[in-house]
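Enquirer: One structure coming up, written as structure tokens, with questions to follow.
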Amino acid sequence: MVERTKVDMEKIVSLCRRRGFIFPSSEIYGGLSSCWDYGPLGVELKRNIKQAWWQAVVQERDDMVGLDASILMHPQTWEASGHLKGFSDPMVECKNCHLRWRADDLKGNNCPTCGGELTQPRQFNLMFKTFMGPVEAEANVVYLRPETAQGIFVNFQNVLNTTRKRLPFGIAQIGKAFRNEITTGNFIFRSREFEQMEIEFFVKPGTDQKWFNYWLEERLNWYVKLGIKKGNLKLRQHTKEELAHYARACCDIDYSFPMGWAELEGVANRGDFDLSQHASSSGKNFDYFDDETKEHYIPYIIEPSAGVDRSALAFLCDAYDEELDKDEIRVLLHLHPTLAPIKVAILPLSRREPLVKLAKEIYADLRQCWMVSYDDAQSVGRRYRRQDEIGTPFCVTVDFQSLEDEQVTIRDRDSMNQIRVPIGELKTTLQAKLKGEELFVLPSGGRIWKE
Ligand code: GAP
């Protein structure tokens, strides 16, 4: 077995490109800096990450609801949120650790944290500007949202009134965000267009620390449950100087990416900053009436904010593996079955009838449940390798014996173990296996099959 040291980014980029996970945006025109297109497998991976998140934070909870706010918002939003002012300073960024600094706050010419080289100061705002309507006038300027969070804050009362939720409760949202980042790079780690999965959890002031700790643990466990090795995750508390203008406290969940430890998700205590700002800017009432204590107050907000793209990169890096198998390197992705783009591949041993008819019937049946692929090109060994490389947990081989005994072979990606199961039990066996149940006890009529 090849030693599993940290995977290098080039291997991940090359696999993503080669197998259709991720392509450079507008590649035929030379690409567009730090914008990426998700190919047929990448889009499935991303959908699965978002679905797993939504299931954990909305579907399975009583105290959460969802939202899908528009990307373009009233420009006053960004005045109230502090983004117009806060992001308009001359800024520099450390080329090494990617921390950003206000140029006029710095004493020396190097990064105060790691001593790295700094970019030239530039007067800029991180938000992308565009115009609403046909007239390109200053009065018509709107911004592409740099975070999805503000769409939640401005809808706080709408959600409260329509769902009759009481504190503590949260609103979750998945959507695109845009930032004109000074320093981009490291593949999809830092791009100018990306997707966020954000929770704004509204709590009574004074209970905020408890909920902050709660969400930090919840979110850390979510990554571990989906296969990320615990040793590749760590928490990093923000120093006072690092805190965003809205945050009272913040802790990052860092992942050990190929280029080093870096933020995967941030959990912030935003206090009452946002709701108070929107209350005074809009003149609307953001008070919450607590039925139990009969008090009026502005709720505090705990915000776990994750990146879909960064999660995808972390899941890919963590799953990547190389094994020596019969003088060959077997490249595989140990993706959790929930995240694997393709759950099952159907591999007929020959392209001849009536084998093909049987294989196609199985394929048609299984694809009603999952993303399934059908591959009849080249040797079975080659086909296994292709599926291993994209993380397909199971291959189902249909051979000539299948026509007689009505059984097929299931091959497990990680162990390469194979079992023979009756076709009638195939779906339930795969269902159980995809949930992580033990293969060899199912189904009752099945037996272990050896090559
Ligand atoms: N609403 C809070 C907020 O936006 P953030 O730390 O700036 O906080 C949250 O962003 C998450 O969004 C990050 O942890 C990261 O996963 C993702 N993210 C932020 N900027 C990104 C970028 N330029 N490219 C890819 N993902 C990014």
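Enquirer: Read phi for every residue in the range 328-340 and hand back ³J(HN,Hα) as whole Hz from Karplus 6.51 cos²θ - 1.76 cosθ + 1.60, θ = phi - 60°, with x for Gly and Pro.
Expert: Values per residue, Gly and Pro as x: 10, 8, 9, 8, 9, 10, 7, 5, 4, x, 4, 9, 4 Hz.
Enquirer: Could you work out [θ]222 nm for the chain from helices alone, using -39500 (n - 2.57) per DSSP H run of at least four and dividing by all its residues? Round to the nearest 500 deg cm²/dmol.
Expert: The helix-only estimate for the chain comes to -8000 deg cm²/dmol at 222 nm.
Enquirer: Relative contact order of the range 52-145, please, whole-number percent, based on alpha carbon pairs below 8 angstrom and at least 6 residues apart. List each step's numbers first, then the result.
Expert: On the way: 111 pairs, mean separation 24.9, N = 94.
The value is 26 percent.
Enquirer: Could I ask something else about it? Taking Cα centroids, how far is the range 275-353 from the range 175-254 in Å?
Expert: A separation of 12 Å, based on Cα centres.
Enquirer: Which entries in the list K129/K176; K230/K343; K360/K427; K95/K230; K225/K343 go over 20 Å, if you measure between the two C-alpha atoms of each? Don't skip to the answer; put the middle values down first.
Expert: Details: K129/K176 15 Å; K230/K343 25 Å; K360/K427 15 Å; K95/K230 28 Å; K225/K343 18 Å.
Distance filter (> 20 Å) returns K230/K343; K95/K230.
Enquirer: Shifting gears a bit: Looking at the square roots a ≥ b ≥ c of the eigenvalues of the Cα gyration tensor of the range 1-68, which shape do they give, rounded for a/c under 1.5, prolate if a/b is larger than b/c, or oblate?
Expert: Values: a/c = 3.06, a/b = 1.51, b/c = 2.03.
Oblate shape, in that a/c is at least 1.5 and b/c is the bigger or equal ratio.
Enquirer: What order, most packed first, do the peptides 163-169, 384-390 have when packing is the mean number of other Cβ atoms within 10 Å of each residue?
Expert: Put in order of decreasing packing, that is 384-390, 163-169.
Enquirer: Restricting things to alpha carbons, tell me how big the chain is in terms of Rg and Dmax, in Å.
Expert: Considering the chain through its Cα atoms, Rg and Dmax are 25.3, 80 Å.
Enquirer: Okay, next question. Once you order the gyration tensor axes a ≥ b ≥ c over the Cα atoms, which shape class does the range 1-148 get: rounded for a/c under 1.5, otherwise prolate or oblate by comparing a/b with b/c?
Expert: Working: a/c = 1.58, a/b = 1.13, b/c = 1.39.
Cα axes put the range 1-148 in the oblate bin.
Enquirer: I'd like the orientation of helix 208-225 relative to the chain: the angle between its Cα long axis and the longest Cα principal axis, in ° from 0 to 90, rounded to 10.
Expert: Taking Cα atoms only, the helix is inclined about 20 degrees.
Enquirer: Size of the dipole of the chain about the Cα centre, Lys and Arg at +1 and Asp and Glu at -1 on the beta carbon, nothing else charged, in debye to 20?
Expert: Values: 59 positive and 66 negative charges, 97 e Å.
My answer is approximately 460 debye.
Enquirer: Also, I was wondering about something else. Answer with one residue from L316, A364, V398: the one whose Cα lies farthest towards the positive end of the charge dipole of the range 293-399, charges on Cβ with Lys, Arg +1 and Asp, Glu -1.
Expert: Value: A364.
Enquirer: Rank-order 347-360, 33-46 by packing density, defined as the average count of other C-beta atoms within 10 Å over each peptide's residues, highest first. Before the final figure, lay out each step's value.
Expert: Values: 347-360: 15.4, 33-46: 18.4.
So the peptides 347-360, 33-46, ranked by packing, come out 33-46, 347-360.
Enquirer: Okay, moving on. Might you report the magnitude of the Cβ-based charge dipole of the range 242-335 about its Cα centre, with Lys and Arg at +1 and Asp and Glu at -1, to the nearest 20 debye?
Expert: Dipole size: approximately 440 debye.
Enquirer: Give the angle, between 0 and 90 degrees and rounded to the nearest 10, that separates the Cα long axis of helix 308-319 from the longest principal axis of the Cα atoms of the chain.
Expert: That works out to roughly 40 degrees.
Enquirer: At q = 0.19, 0.21, 0.23 Å⁻¹, what is the base-10 log of I(q)/I(0) for the range 346-393 according to the Debye formula with one equal point scatterer per Cα and no solvent? Please give it to two decimals.
Expert: -0.63, -0.75, -0.87
Enquirer: For the range 128-173, what does the alpha-carbon gyration tensor say about shape, rounded, prolate or oblate, given a ≥ b ≥ c as the root eigenvalues, a/c under 1.5 as rounded, and a/b over b/c as prolate?
Expert: prolate
Enquirer: With charges only on Cβ, +1 for K and R and -1 for D and E, what is the dipole size of the range 284-352 about its Cα centre, in debye, rounded to 20? Walk me through the numbers on the way to the answer.
Expert: Details: 8 positive and 14 negative charges, 140 e Å.
My answer is approximately 680 debye.
Enquirer: Right, something else. Suppose a student asked you for the relative contact order of the range 111-236, using Cα pairs under 8 Å spaced at least 6 residues apart; what percent would you report?
Expert: Computed over the range 111-236, the figure is 20 percent.
Enquirer: Express the relative contact order of the chain as a whole percentage, based on alpha carbon pairs under 8 Å and six or more residues apart in sequence.
Expert: Details: 812 pairs, mean separation 56.8, N = 451.
Answer for the chain is 13 percent.
Enquirer: Sort 271-277, 319-325 by the packing proxy (mean of other Cβ within 10 Å over each peptide's residues), most packed first. Let's see the in-between values first.
Expert: Working: 271-277: 19.4, 319-325: 16.0.
My ranking of the peptides, most packed first, is 271-277, 319-325.
Enquirer: Give the dimensionless ratio obtained when the Cα radius of gyration of the range 246-379 is divided by 2.2 N^0.38 Å.
Expert: Compactness ratio reported: 1.82.
Enquirer: How tilted is helix 40-54 with respect to the longest principal axis of the chain? Cα atoms for both, answer in degrees (0 to 90, nearest 10).
Expert: Helix 40-54 sits roughly 60 degrees off the main axis of the chain.
Enquirer: Would you mind checking which residues have amide H under 5 Å from L32's amide H? H placed 1.01 Å from N; only 5 or more apart, or other chain.
Expert: For L32, whose amide H was placed from the backbone, the distant partners under 5 Å are S25.
Enquirer: Hey, another quick one. Along the charge dipole of the range 21-124, which of Q76, I28, A52 sits closest to the positive end, that is, farthest toward it, with unit charges on the beta carbon of Lys, Arg, Asp and Glu (+1, +1, -1, -1)?
Expert: I28
Rule-based calculations on the coordinates, nothing more; no lab input. These figures come from a predicted structure and were not determined experimentally. Ideal geometry is used to build each Cβ from the backbone, glycine not excepted, and the neighbour counts take in all protein chains shown.
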